[in-house]
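What follows is a short report on a single structure.
Please treat every number below as a calculation from the coordinates, not as lab data. The structure presented is a predicted model; accordingly, all values stated were derived computationally and were not measured. Backbone-built Cβ (ideal geometry, glycine too); neighbour counts: all protein chains shown.
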Amino acid sequence: MKIGFIGAGNMARAIIAGLLKAKAVAPADIIVHGGHAANYQPYAERIGATAAASNAAVVEQADWVVLAVAPPVGKPVLREVHEALAKHPRPLLSLLTGVDLKTLAAWADQPLPLVRVMPNLNVALNAGMTAYAANAAAQPVLPAVVALLNTLGESMALPEADFSTFVALAGSSPAFVYMFIDALSRAGVKYGLTKQVATKIAAQAVMGSGLMAAQSTESPMDLADQVASPGGTTVAGMLAMAAAGFMPAVVAGVDATIAKDRE
Ligand SMILES: NC(=O)C1=CN([C@@H]2O[C@H](COP(=O)(O)OP(=O)(O)OC[C@H]3O[C@@H](n4cnc5c(N)ncnc54)[C@H](O)[C@@H]3O)[C@@H](O)[C@H]2O)C=CC1
Ligand SMILES: O=C(O)[C@@H]1CCC=N1
């Protein structure tokens, strides 16, 4: 199975890293083309992937094509590869935020199997959270696509109406979590730890808590109650964070992310 990537930026590289770690695809079966030869060619060489000379060459050489460019670049790129896709009607996996299957079909301007895929950067560690939605033509290939996505972490079928919310809760949220880790770590620096030590402590605590929340059948607040001993340190911290607007700040961030995705 040859997987082609149009665009070789952060998201494409994270997916490729995950696929290679899982040994889901052989390095030479990864075909990439990006906007800048000076970037994508040495990258392809470094990981043993095949650098294609053009986006059309990606379509010609790959079995499936992943559209991994910025959303505004999607339409011109699909116009550019129109002829190649007409000759080789490959399933197209789009990572573009804010671009639904209907728009994608209009841009492709020909009947193609289309899968809208929304991953996050944690796919690089095979710990991603990915949503997908597919058109009717993609149904025969969907089980194989989902099997591939599952090598990158968890995946779920999601109605397209919920994709904007998913972007906030999974696509963008690693950045929000890093903000939280940085805030914890900075507070540690305030009390005399080095940033390096404080970040190690904060990141490991967040990782363990994430694992616990993902695996437990209890709600996050039930888990918090188990941390908060009566009259103890945790409840004092939780109440101070609540008073400082922790939850409204997070929800405002999600609101802004969803609004941007829907622009
Ligand atoms: N970064 C993330 O965490 C996530 C990104 N996405 C989506 O993935 C897509 C890619 O995002 P990133 O990788 O973060 O962006 P990026 O800016 O890192 O990468 C975009 C890539 O497209 C290439 N490119 C630009 N014009 C091109 C053209 N005409 N032909 C071929 N390649 C071209 C650039 O050279 C670059 O390699 C976006 O649509 C984004 O919404 C989705 C979920 C998470
Ligand atoms: O910031 C962005 O627009 C992309 C989509 C989700 C994560 N990164």
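Brief remarks on what is shown
- Taking amide H atoms as placed 1.01 Å from N in the peptide plane, the amide H of A52 lies under 5 Å from those of V32, H33, each 5 or more residues away in sequence or on another chain.
- Under the Debye formula (equal points on every Cα, no solvent term), log10 I(q)/I(0) of region 142-247 at q = 0.16 Å⁻¹: -0.97
- Entry note, the chain: relative contact order of 14 percent, from Cα contacts under 8 Å with a spacing of 6+ residues.
- Qualifying trypsin sites (Lys or Arg not before Pro) in region 199-263, DSSP loop, other Cβ atoms within 10 Å at most 14: R262
- With Cα atoms defining each centre, region 1-48 and region 112-167 are spaced 18 Å apart in the structure.
- Region 173-261 - percent relative contact order, Cα under 8 Å, separation 6 or more: 14
- Distance (nanometres) between label positions extended 7 Å along Cα→Cβ at T234 and M221: 1.5
- For T130, the residues whose amide H sits under 5 Å from its own are E154, S155, M156, ignoring neighbours fewer than 5 places away on the same chain, with H placed 1.01 Å from N.
- Partners of K195 within straight-line reach, counting aspartates and glutamates whose Cα lies under 16 Å from its Cα and excluding those fewer than 8 residues away in the same chain: D182.
- Its alpha carbons considered, region 25-88 gives a radius of gyration followed by a Dmax of 11.6, 32 Å.
- Taking only the C-alpha atoms of the chain, Rg followed by Dmax gives 21.0, 70 Å.
- The magnitude of the dipole of the chain, with charges of +1 and -1 set on the Cβ of Lys/Arg and Asp/Glu and taken from the Cα centre, is near 620 debye.
- For region 169-260, chymotrypsin sites (Phe, Trp or Tyr not before Pro) are listed when DSSP marks them as loop and at most 11 other Cβ atoms sit within 10 Å of their Cβ; the list is Y191.
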